[in-house]
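Student: Pasting in a structure now, in structure tokens, and then I'll have a few things to ask.
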Amino acid sequence: MTTSRICSTSKCRTQLPPEAEYKHKTCQKCRELDRIRKQKKRAEEKTLKRSREESEDEDVPAGLYTRYPNAETLFKDLRAAIKHDHTEFGGEFTLPPDPMITDKERARMMISDVWKATGCQRLGSSVLGQASHRDSRSKR
């Protein structure tokens with residue numbers, strides 16, 4: 001008795017040969033598409049796993065930020081990047097600890113320095129204004 005079989009992929013209605021002639025439940029086209037999809041998925045998972053391992057090894061991936069010896073050299077390069085319409089910039093430098101300055105004051109000073117270097121004050125001042133407004137509400 002030969003029964004008519006249909007590909008088991010939900011949107012495919014391809015007729016399959018009898019089970020004695022064709023052991024698979026999906027048609028050749030669906031099997032090929034599934035094979036390619038699974039290969040891509042495995043490659044993406046491998047890339048993701050590799051990037052996670054690399055990021056665990058280092059705090060910052062190599063090449064993401066340029067390390068500057070001080071603020072002056074960083075801001076000099078930032079000003080140059082802004083002049084050349086270069087919108088991506090990544091840089092870092094270490095500030096020596098100062099017990100007389102709180103973290104909040106240090107952040108405000110840094111924002112101010114970035115504004116001076118880039119000339120981008122409007123967006124930052126509104127964001128900073130919102131942050132200080134929230135701080136004043138929480139002290140009540």
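Student: Quick one: residue 34 ticks every box in (1) in a helix (DSSP H, G or I); (2) surrounded by fewer than 10 Cβ atoms within 10 Å (Cβ to Cβ); (3) of a type in the set (D, E, K, R) bar one, so which box is it?
Tutor: The one condition residue 34 does not meet is (2).
Student: Looking only at segment 60-88, which residues are in a loop (DSSP other than H, G, I, E, B), closer than 24 Å to residue 119 by Cα and either at pLDDT below 70 or not aromatic (Phe, Trp, Tyr) (or both)?
Tutor: 64, 69, 70, 84, 85, 86, 87, 88
Student: Please identify the pairs in which a residue from segment 98-112 that is assigned by TED's automatic domain parsing to the domain that holds residue 72 and at positive phi has its Cβ atom under 6 Å from the Cβ atom of a residue that is surrounded by fewer than 13 Cβ atoms within 10 Å (Cβ to Cβ) and aliphatic (A, V, I, L, M), counting only partners at least 6 apart or on another chain.
Tutor: none
Student: Is it fair to say residue 57 is at pLDDT 70 or above, of a type in the set (D, E, K, R) and more than 14 Å from residue 118 (Cα to Cα)?
Tutor: No; evaluated as a whole, the condition is false for this residue.
Student: When you look at residue 26, is it in a loop (DSSP other than H, G, I, E, B), of a type in the set (S, T, N, Q) and modelled with pLDDT of 85 or more, yes or no?
Tutor: Answer is yes for this residue.
The values are calculated or read from the model by the stated rules, or taken from the named source; none is laboratory data. All values derive from a computational prediction rather than experimental measurement. No Cβ is skipped: glycine too gets one built from the backbone with ideal geometry, and neighbour counts run over all protein chains shown.
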